[in-house]
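**Student:** After the structure tokens below, expect a handful of questions from me.
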Amino acid sequence: MDGLVYINLNWGITLLTQTAAGILGNSSLLCFYNFTFITAQRLRPTDLILNQLVLANNLVILSKGIPQTMAALGLKSFLDEAGCKVVFYLHRVARGVTLSTTCLLSGFQAMKLCPSISVWMEIKIKSPKCIVFCCFLCWILHLVLNISVVKHVTGQTNNKNMSMEKMYRYCSSPTLGRLLFSVNAVIFLVTDVMFWGLMVWTSRFMVLFLYRHKQRVQHIHSSRISPRTYYETRATCIILILVSMFVSFHALSSTLSFWITQIQNPIPWLINISSLVSLGFPTFSPFVFIFSDTRVSRFYFAC
């Protein structure tokens, strides 16, 4: 028993460390973007999208990282039925917004690089209303999609015929009927595949752009490279890193989640690993921008 308590304590500390790091990183970026917006400083077109991304990341960590940490530390039944519905709904919405916002970010960057629509894109990105509207649609889409899922969430129960209790340990959900499960699965599968497909297409376009840019640079002197071209190349690399991180963590998390649901009595460490992986992108993605965006470092140095 002492060994089991020691293991649970280790997992709890690990989840707590990851949760704290993720909240700190995302909150730092959130403060920076909001301060830049409030003080009417010059905003880049993608700053509004990044502001939404770090907000969604924070909500994912708060709605899953904190409850999973408490469950790993041995705290049982700390959420009633209403609390489970709110936490689970918030997590599903924020997770979906993270997916669509990452897709939106890669799409905007790809559009900026495409010469055939550069004039149209210049007009669009100069109007913040266009980006705000796209961000608003992301929230509306996932707020509506996840309403049906919340109806089946309950507090923790002793019933063994529970599917969600395997995944979350603090909330439960009875196994859905075959028809209802199939309908929900198709809806979420179509949505995810659509965003994944757009990300793959835009990422492929950006990789081709970087390849062609590298070929052009080999034939000209470095001093002739314009600062604008350098910035676009650097921004494209950062967004490609972000998209690669998202695809990797999301694919691994989905695989582990499916594996757990197929096991009658999943091993506790498998559930803990699934939690760590599912929080990987929201935790580590803000540090990509913190260490790559010189504006952020100058901002905190000035503070």
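**Student:** Here are some residues: Ile49, Ile38. Which one is more than 19 Å from the chain's Cα centre (by Cα) and either surrounded by fewer than 23 Cβ atoms within 10 Å (Cβ to Cβ) or more than 13 Å from Leu279 (Cα to Cα) (or both)?
**Tutor:** Ile38
**Student:** Hey, can you tell me all the residues within segment 12-33 that are more than 16 Å from Gly280 (Cα to Cα), open to solvent by less than 60 Å² (accessible area, probe 1.4 Å) and without any contact (Cβ under 8 Å) to a residue 24 or more places away in the chain?
**Tutor:** Hit for segment 12-33 is Tyr33, nothing else.
**Student:** Going through segment 253-275 one residue at a time, which ones are of a type in the set (A, V, I, L, M) and open to solvent by 40 Å² or more (accessible area, probe 1.4 Å)?
**Tutor:** Within segment 253-275, Ile263, Ile267, Ile273 qualify.
**Student:** Could you check, for segment 58-73, whether at least one of its residues is within 14 Å of the chain's Cα centre (by Cα), at pLDDT 90 or above and open to solvent by 20 Å² or more (accessible area, probe 1.4 Å)?
**Tutor:** Yes.
**Student:** A further question on this structure: Out of segment 77-92, which residues are closer than 12 Å to Leu62 by Cβ and touching a helix residue (DSSP H, G or I) at 6+ places or on another chain (Cβ under 8 Å)?
**Tutor:** Hits for segment 77-92 are Val87, Leu90, His91.
**Student:** For segment 109-222, which helices (runs of 4 or more DSSP H) that fit wholly inside it have 3 or more residues that are under 21 Å from Arg234 (Cα atoms) and either at pLDDT below 65 or not β-branched (Val, Ile, Thr) (or both)?
**Tutor:** In segment 109-222, the matching helices (runs of 4 or more DSSP H) lie at 118-125, 178-217.
The values are calculated or read from the model by the stated rules, or taken from the named source; none is laboratory data. These figures come from a predicted structure and were not determined experimentally. We place every Cβ from the backbone using ideal geometry, glycine too, and count neighbours over all the protein chains shown. Side chains are part of the model used for accessible areas, which takes the heavy atoms of the whole protein and leaves out ligands, DNA and RNA. Shrake-Rupley method; radii C 1.70, N 1.55, O 1.52, S 1.80 Å.
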